[in-house]
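I have placed the structure first, in the form of C-alpha cells, so that the comments after it can refer back to it.
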Amino acid sequence: MSRPPVYLKQNVVAEPLHNQWYAWWFLASPMTAPLFVANLHVKIMESFVANPAIHVAALKSPALRGGPYLNCGVERVGEVKALLERTLQEESLALRYAAAMRELDALLASAEGYSLEELYPRVPDLLRGYVELTYDLRNRASARFFEPLLYRSPFHRESSQSVSLRLVHGDARPYVFSTPRLDDSRDGDLQVRLPFKHEAWDTLFAMRRTPAPLEAVRDALGIAPQDGDTFATFFTPEPPRPAPRYDGDGVRVRYFGHACVLIESRHVSVLTDPVVSYDFPTDLPRFTFADLPERIDYVLLTHGHADHLMFEPLLQLRHRIGTVVVPAGGGGALVDPSLKLMLQHAGFRNVVTLSELESLPVPGGELVGLPFLGEHGDLDVRGKLAHLVRLEGKALLMAADSNALEPRLYEHVQPHVGPIDMMWLGMESEGGPLSWMYGPLLPAPLSRKMDQSRRLNGSNAARAIDIVQRLKPRQVRIYAMGREPWLGHVMVMGYHEQSPQLVESRKLLAHCREHGVDGDMPYGQAESFLR
Ligand SMILES: [Fe+2]
Ligand SMILES: [Fe+2]
C-alpha cells in the first residue's frame, strides 16, 4: 500500500557542489573550472593539510574571513586530505589543463606582432583545436576559446557535480568559497551525486508546492537504502502557505533581499537575480521560497558574480521558470564565460540572451537590456547587463552593481528609456580586490597596488547621484548590499554604521529627500505597488 504524498520541507537547503565545493559560475564553465580547481581548491586544501592550525588561527580574525582559509577544525584534517587526494586523482585533467594554460600564456607572450599561424602547432597538445589565437590592435596576442566545444569535451565533468541537502533552522551558514563541504551525514546532511541537469531535481523541488510519493523521488534521485531515514526527514505532510499570483492592477514589486526582486503584473511575473531565503521561524520578516508564485515567467540575471547568478536558488526554481534572460557575452574570452551555456548545461531549457538596447517583448510590456558599466576590475567582461522592465505602462530599472564611471552614458541612454518609475541600484562602493574573484584565472599575480586599485566597486553616492540626475527616476531603491543574513555563505560584509557602503547610501538617500525623490534602502522584506 502506498503512503500519502508528501511535501519537501521549506527549510531544506540544497547546495549545488562541484567536487564538494559550492558551485558558482566559474565552476560551471569547463573553460574556467579547471583553473579554480587547480589554482584555488587544491592549493587551499594542500595548505590546510600541511598546517591546519594556521587556518584555524587566521579565521579567528574577522578581517581574514573571506580569505583563502579553510574553515574547519584541525580534527578534520584527515577528511580534507582524503578529498585532496581524490581531487588530485579525479581531476588530473584539470591540473594538466592549468599547466597547459601557463604554457599557452608563455607562447602568446612570445608573439611580437608577426603572423600567429606558426604558433598553432606549438599550442599545448591538450588545448589544440579548442582555441583561436588573435591579436588586439596593439599586437598583444591572446587566445579565444571555442567554449561550446569545451562543454562537449572531457573538461566538462558532470560527474563532479552533486547537491548537498540538509535541514536548517536559521540563517547562519559558513562562508563557502574557501571551504569544501565535507561529509556531515552524522548531522543529517546528504550529498546526492547526480548532475545538476538531471530531471530528478525538478521532481524533488516541485514537491515544495505539489505533494508526491516519497518513494518515487527517492528512487529517482538514487538515494541509497542506508540514507533513506535521513532523506525521509526532509518531507512533511503539511502543505506550504498559499502563494497566489498577483491579479491586481498595475505592478506589484516585492523585495526578497539583496538583488532579488519579484515584479508582477496581472499578466506576467519577473524575478531578478534570485537569492531566496529558506523558510523557518525567525524574527526577521522576509519573503521565502514559499512566497514565490507557482510559475515565474522570466528570471533576469544581471551578471555572473556569485551573489547574482546563484545556482542554489536557480536549480530549485528551474521547474517553474519560463525563460531565463541573461546578458549576451560569451565570446570565448577566459574572463567572460557564457552565462547562457552554463545555464543550458545545468538543465535550463529556455535561456535567451539580451544585448545592450535590445528589447524582448513580454505580455503587457518589454524587457530592455541597458549597459552595465564597471564593477569588474576593468576586465573586458561582456556578460553583464542592466535590465529595464516595462510592464503595464510602468518602467523599472534594475541596475544591479552598475558603477556610473562615466555619467554621460546615462545622458545617452535617457532618451531611449524615457521616464523611469523605480530605479534599483547597488551601492557596494567598495568591493573586493580583483584577485579575490579573478585570481585563479590570472597567468601571473597582480602587484598588490594594482590589485587594490582595481576593486570590484559599485557606485558611490556621487556616481549614483549622477545617474539619478540624468535618468530622473520617481523612486530610488538601494539594493544588492549583501545585508540580509541569508547571504552570509557567499558574502562577507560585516557592515557597521560607518562602513563606506552605508555612508554612501545615506548620502544618496539624503539627496533623494532634498529633491523630492522617494528613496529607500529596504532590508529583509519590502513591498510596493506602481499603479
Ligand atoms: Fe557584482
Ligand atoms: Fe553584487
Of those in region 402-416 that are within 29 Å of SER499 (Cα to Cα) and out of contact with any Leu (no Cβ under 8 Å at 6 or more places or on another chain), the residue surrounded by the most Cβ atoms within 10 Å (Cβ to Cβ) is PRO407
Could you go through region 268-278 and let me know if any residue there is among the small types (Gly, Ala, Ser), under 29 Å from GLU79 (Cβ atoms), touching a helix residue (DSSP H, G or I) at 6+ places or on another chain (Cβ under 7 Å) and touching a residue at least 12 places away in the same chain (Cβ under 8 Å). no
Which of (1) over 16 Å from HIS308 (Cβ atoms); (2) within 16 Å of ligand 2 (Cβ to nearest atom) does GLY458 not meet, given it meets every other one? (1)
Among the residues of region 121-130, the number that are in a helix (DSSP H, G or I) and hydroxyl-bearing (Ser, Thr, Tyr) is 0
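Go through region 417-460 residue by residue and tally those that are under 25 Å from the mean Cα position of the chain (by Cα), of a type in the set (D, E, K, R) and either open to solvent by 40 Å² or more (accessible area, probe 1.4 Å) or farther than 24 Å from ALA386 by Cβ (or both).
Keep residues of region 417-460 that are under 25 Å from the mean Cα position of the chain (by Cα), which gives 422-443, 445-446, 451-460.
Checking the rest, the ones that are also of a type in the set (D, E, K, R) come to 428, 430, 451, 454-455.
Remaining after also requiring either open to solvent by 40 Å² or more (accessible area, probe 1.4 Å) or farther than 24 Å from ALA386 by Cβ (or both): 430, 451, 454-455.
Of the residues in that region, 4 qualify.
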Which one of these is farther than 17 Å from ALA306 by Cβ and of a type outside the set (Gly, Ala, Ser): TYR97, TYR22? TYR97
Condition first: within 16 Å of ligand 1 (Cβ to nearest atom) and not charged (D, E, K, R). Now tell me which residues in region 476-504 satisfy that. ILE478, TYR479, ALA480, MET481, GLY482, LEU487, VAL490, MET491, VAL492, MET493, GLN501
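Of all residues being more than 16 Å from ligand 2 (Cβ to nearest atom) and either outside any strand (DSSP E or B) or not acidic (Asp, Glu) (or both) in region 293-313, which is surrounded by the most Cβ atoms within 10 Å (Cβ to Cβ)? Just the residue, please.
VAL299
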Within region 87-98, residues free of Cβ contacts under 8 Å to residues at least 12 places away in the same chain and either under 30 Å from GLU118 (Cα atoms) or outside any helix (DSSP H, G or I) (or both) come out as SER92
Checking ARG463 against (1) in a loop (DSSP other than H, G, I, E, B); (2) at pLDDT 95 or above; (3) open to solvent by 60 Å² or more (accessible area, probe 1.4 Å), the condition it does not meet: (1)
The correct count of residues that are touching a residue at least 40 places away in the same chain (Cβ under 8 Å), open to solvent by less than 40 Å² (accessible area, probe 1.4 Å) and part of a loop (DSSP other than H, G, I, E, B) in region 48-86 is 4
Exception for ASP279 within (1) within 16 Å of ligand 2 (Cβ to nearest atom); (2) part of a loop (DSSP other than H, G, I, E, B) falls at (1)
Close pairs from region 447-463: first free of Cβ contacts under 8 Å to residues at least 40 places away in the same chain, partner away from ligand 2 (no atom under 16 Å from the Cβ) and in a helix (DSSP H, G or I), Cβ under 8 Å, at least 6 apart: ASP451/SER435
If you check every pair at least six apart or on different chains, which have Cβ atoms under 7 Å apart with a residue in region 243-266 that is on the phi > 0 side of the Ramachandran plot first and a residue that is aromatic (Phe, Trp, Tyr) second? GLY250/PHE529; GLY257/TRP486; HIS258/TYR479
Quick check, is ARG208 in contact (Cβ under 8 Å) with a residue 24 or more places away in the chain, out of contact with any Cys (no Cβ under 9 Å at 6 or more places or on another chain) and charged (D, E, K, R)? yes
Within region 376-386, count every residue that is open to solvent by less than 40 Å² (accessible area, probe 1.4 Å) and either part of a loop (DSSP other than H, G, I, E, B) or acidic (Asp, Glu) (or both). 5
Restrict the check to region 467-490 and report whether at least one residue is loosely packed, with under 14 Cβ neighbours inside 10 Å, assigned to a helix (DSSP H, G or I) and not small (Gly, Ala, Ser). yes
Could you check region 387-401 and list, in sequence order, the residues that are open to solvent by less than 10 Å² (accessible area, probe 1.4 Å) and away from ligand 1 (no atom under 12 Å from the Cβ)? HIS387, LEU388, VAL389, LEU391, ALA395, LEU396, LEU397, MET398
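Can you pull out every residue in region 187-199 that is closer than 16 Å to VAL12 by Cα and out of contact with any Asp or Glu (no Cβ under 6 Å at 6 or more places or on another chain)?
Let us first name the residues in region 187-199 that are closer than 16 Å to VAL12 by Cα, namely 187-192.
Residues satisfying the conditions are ASP187, GLY188, ASP189, GLN191, VAL192.
Pick from PRO62, PRO34: which is of a type outside the set (A, V, I, L, M, F, W, C) and either within 19 Å of the chain's Cα centre (by Cα) or in the same structural domain as LEU301 (by the TED database) (or both)? Please lay out each step first, then the result.
Working: PRO62 fails: either within 19 Å of the chain's Cα centre (by Cα) or in the same structural domain as LEU301 (by the TED database) (or both).
Selected residue: PRO34, the only one of PRO62, PRO34 that is of a type outside the set (A, V, I, L, M, F, W, C) and either within 19 Å of the chain's Cα centre (by Cα) or in the same structural domain as LEU301 (by the TED database) (or both).
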Please specify each residue of region 235-280 satisfying the condition of being touching a Pro at 6+ places or on another chain (Cβ under 7 Å) and of a type in the set (A, V, I, L, M, F, W, C). ALA243, CYS260, VAL268, VAL275, VAL276
On the given criteria, is GLU527 crowded, with 17+ Cβ neighbours inside 10 Å and modelled with pLDDT of 95 or more? no
Would region 432-454 turn up any residue that is modelled with pLDDT under 95, in a loop (DSSP other than H, G, I, E, B) and within 14 Å of ligand 1 (Cβ to nearest atom)? yes
Inspect all residues belonging to region 177-199 and state whether any of them is in contact (Cβ under 8 Å) with a residue 60 or more places away in the chain, surrounded by 18 or more Cβ atoms within 10 Å (Cβ to Cβ) and more than 23 Å from the chain's Cα centre (by Cα). no
Just to verify a result, which residue in region 284-310, among those that are in contact (Cβ under 8 Å) with a residue 60 or more places away in the chain, over 18 Å from TYR523 (Cα atoms) and more than 16 Å from ligand 1 (Cβ to nearest atom), is nearest to the chain's Cα centre (by Cα)? TYR298
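The values are calculated or read from the model by the stated rules, or taken from the named source; none is laboratory data. This is a predicted model, so every value here is computed, not measured. For neighbour counting, all protein chains shown are included, and Cβ atoms are generated from backbone atoms with ideal geometry for every residue, glycine included. Accessible surface areas use protein heavy atoms only, side chains included; no ligands, DNA or RNA. Shrake-Rupley method; radii C 1.70, N 1.55, O 1.52, S 1.80 Å.
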